1. Just to confirm my understanding: which cysteines in the chain have no other cysteine beta carbon less than 4.7 Å from their beta carbon?
2. Mind checking the full-extension length gain between Asp256 and Ala88? Use 0.36 nm per residue of separation minus the Cα-Cα distance, one decimal, nm.
3. Which cross-chain or sequence-distant (5 or more) residues have an amide H under 5 Å from the amide H of Leu77, H modelled 1.01 Å from N in plane?
4. Roughly speaking, what is the stretch gain from Arg204 to Ser309, that is 0.36 nm per residue apart minus the C-alpha to C-alpha distance, in nm to one decimal?
5. Mean separation of Cα pairs under 8 Å and 6+ residues apart, divided by the residue count of region 126-216: what relative contact order is that in percent?
6. Per-residue ellipticity at 222 nm for the chain, helices alone: DSSP H runs ≥ 4 residues times -39500 (n - 2.57), over residue total, nearest 500 deg cm²/dmol?
7. Is the shape of the chain rounded, prolate or oblate, going by the alpha carbon gyration tensor and its root eigenvalues a ≥ b ≥ c, with a/c under 1.5 for rounded and a/b larger than b/c for prolate?
8. Which ³J(HN,Hα) values, rounded to whole Hz and listed in residue order, are derived for region 105-122 from phi using the Karplus coefficients 6.51, -1.76 and 1.60 in 6.51 cos²θ - 1.76 cosθ + 1.60 with θ = phi - 60°, glycine and proline given as x?
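Every read-out reported here was derived from the displayed coordinates using simple, explicitly stated rules and does not represent laboratory data. Predicted, not measured: the structure shown is a model, and the values here were computed from it. Neighbour counts run over all protein chains shown; Cβ positions are idealised from the backbone, glycine included.
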Amino acid sequence: MLSNLFTELLMRISLDHVLLMLIALTVVLIPSIFTITHSSEEDNLRMAVEFNDHSAAAWVAIDKGIFEELGLNVTYLETFRTGLELSAAMMRGDVDVAWACLGPVIMAYSNGLPIKVVAGTHLQGYAIVARSEFEEPSQLDGGVLACPGKGSPCYLLLKLFVERHGLNYTLMYLRPDLAVNALITGQIDAAALPEHYVTLAVRRGECRVLAQSQDLWPNMPGSVLVVREDLIEEKPELVSKLVQATIKATCLIEDDFEGSASVVASRLGLTLDEALESMSHLEYDVKVDLAEYQKYIDLMAQYGCIPQSFNASNLVDLSFLGESS
């Protein structure tokens with residue numbers, strides 16, 4: 001009897017072990033199954049997005065089937081923690097189209113990558129976040145501050161912040177998720193962060209927002225829809241569909257903000273309240289303001305992120321927005 005019980009126990013352990021392996025395998029494979037499709041259509045896309053709610057239009061377009069509706073086949077989708085990482089993937093030729101923050105896109109273009117911004121996706125969405133004991137910017141003088149990297153939007157915001165308040169500081173480069181952890185554990189005093197990490201730091205880490213991007217730069221451009229130039233040359237109709245999808249998804253965000261927040265929450269592992277709070281700090285809009293883009297480029301040159309400034313009109317192609325208006 002003991003032998004039979006032992007055998008039954010071993011079988012049960014083995015079955016449990018197999019089940020756990022299958023569950024783990026399913027968790028690993030589900031994203032690939034979801035994001036990689038197979039089709040004989042020519043309008044295939046290799047896309048990249050940032051892992052935050054700056055990419056809300058992309059998340060909504062995927063969830064609501066807008067790409068499929070327009071005949072676009074997403075064969076490859078990769079998420080990145082920062083726009084700097086995403087731009088590096090474009091430099092390698094891993095992706096054709098991306099929703100990325102403008103700063104890294106400017107850096108990639110300045111480094112010779114043949115790309116064009118064909119639409120905006122939002123304004124704002126960044127903030128200076130400090131540990132709760134810091135109530136005023138002046139208290140950060142001599143402190144340790146962090147941002148994702150030189151050339152990121154948060155780098156520009158941090159530079160504007162410390163210049164306005166005349167702060168001396170030590171700078172650390174940390175990914176947003178790592179910066180939130182460093183704030184909560186007291187390893188740094190403040191960080192320039194993108195949403196949704198700002199909201200996470202405040203709600204889950206009891207941190208304090210000392211300045212939002214709106215306070216330092218009222219019309220700060222956020223993320224953009226950027227494509228490789230050869231895609232424009234070889235498949236302009238595909239780029240037109242991408243812009244249409246972005247416009248349609250952005251309209252959905254405006255018309256059904258809570259429903260769109262629910263989509264974003266499920267993608268990013270947020271509660272609905274967190275997603276609603278975070279997304280409320282962004283202005284989702286496809287417009288491209290060349291004057292603000294030029295200011296962005298000039299600041300990138302001023303702070304040594306790119307060797308020299310260039311004309312913003314060289315970076316953008318607004319013809320597809322014109323078609324869709």
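1. Cys with no partner Cβ under 4.7 Å: Cys101, Cys207, Cys251, Cys305.
2. Values: separation 168, 0.36 × 168 = 60.48 nm, distance 3.37 nm.
Full extension from Asp256 to Ala88 adds 57.1 nm.
3. Met47
4. On the way: separation 105, 0.36 × 105 = 37.80 nm, distance 3.96 nm.
Full extension of this stretch gives 33.8 nm more.
5. Once divided by the residue count of region 126-216, the mean separation gives 47 percent.
6. Numbers: 15 runs with 165 residues, N = 325.
Mean residue ellipticity at 222 nm (helix-derived): -15500 deg cm²/dmol.
7. oblate
8. Result, rounded to whole Hz: 5, 4, 4, 4, 5, 4, 7, x, 6, x, 10, 9, 7, 10, 6, x, 10, 6.
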